[in-house]
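Since the structure comes first, as structure tokens, the remarks are kept for the end.
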Amino acid sequence: MKQRLNLNDSKEDIYEAYQRALNNLRVEKHRNQKHIEHKKEIVEEKNKRYNTLKWKYFRMTQILYGLNIKINGLKQSNRYIKSKGKKIGYQMAIDRINKVNFSPSNAYKFLAMCNFMTEATGYSLSECSFLLWGNQYDFFSRSDFNRDIGDSGINYYYLIYKFKKLRMIEKVDVKRENGRLIYCLNAIGRNEANRIHKFTKKIK
């Protein structure tokens, strides 16, 4: 079969070559059409997956937004419930402790209520004692502590450090006593001391 034609070839050869070229063209056109259709299918599948993922992402952001709103609502509700519970528990403790006789002849109940007081206020007995003591003074120093309750075994400097961290006690820089710092209970500390005081004295 000839690959090239010239002017001397017969009409039959030229026609045969024409038919071959036409058939080759049809085959190539068919291949191109298949390729186009296949590419179109790939693009459609890709767009379908993309749209599906995009929709899932959108729904997920909606769900997360709703969950964040619900979580924030639960946090606020939890804070309110805790605050309300503390107030109710504190009042119940006050009502309960006011019924108790704290006279020396009833020391066992007094000690039991001291334990109850520490549970209700969240402070240890030494911390309660320190706050009650400090609330008696506008300012105080280590010498005042040693004079009043220095033999109690309470660690003065530890409690100063702790209540400073709790922002219940302030250092008064303008006053010193023999090189020792002067401190005072601030409004928060005095409020806590007054809460403790209700446990140690009957409310008339």
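Rule-based calculations on the coordinates, nothing more; no lab input. What you are looking at is a predicted structure, and each value in this text was computed from that prediction instead of being measured. Positions of Cβ are backbone-derived with ideal geometry, glycine not excepted, and every protein chain shown enters the neighbour counts.
Calculated FRET efficiency, residue 125 to residue 146, Cβ-Cβ distance, R0 = 30 Å: about 0.95 to the nearest 0.05.
Structure shown: which of 162/198; 75/162; 87/162 lie over 26 Å apart, alpha-carbon to alpha-carbon? Don't skip to the end; give the middle numbers.
On the way: 162/198 23 Å; 75/162 28 Å; 87/162 24 Å.
Beyond 26 Å between Cα atoms: 75/162.
Length gained on full extension, residue 55 to residue 198: 45.3 nm, using 0.36 nm per residue less the C-alpha separation. Derived scalar couplings between HN and Hα for the stretch 182-198 equal 9, 10, 8, 6, 8, 4, 5, x, 5, 5, 5, 5, 5, 4, 5, 4, 5 Hz in order, rounded to whole Hz, by the Karplus curve 6.51 cos²θ - 1.76 cosθ + 1.60 (θ = phi - 60°), x for Gly and Pro. Note on the stretch 9-97: the alpha carbon radius of gyration divided by the globular reference 2.2 N^0.38 Å gives 3.14. How many percent of Cα pairs in the stretch 104-200 exceed 20 Å? The answer is 38 percent, as a whole percent.
Efficiency by 1/(1 + (r/R0)^6): what FRET value for residue 137 and residue 65, r their Cβ-Cβ distance, R0 = 45 Å, to the nearest 0.05? The pair residue 137/residue 65 has a calculated efficiency of 0.25.
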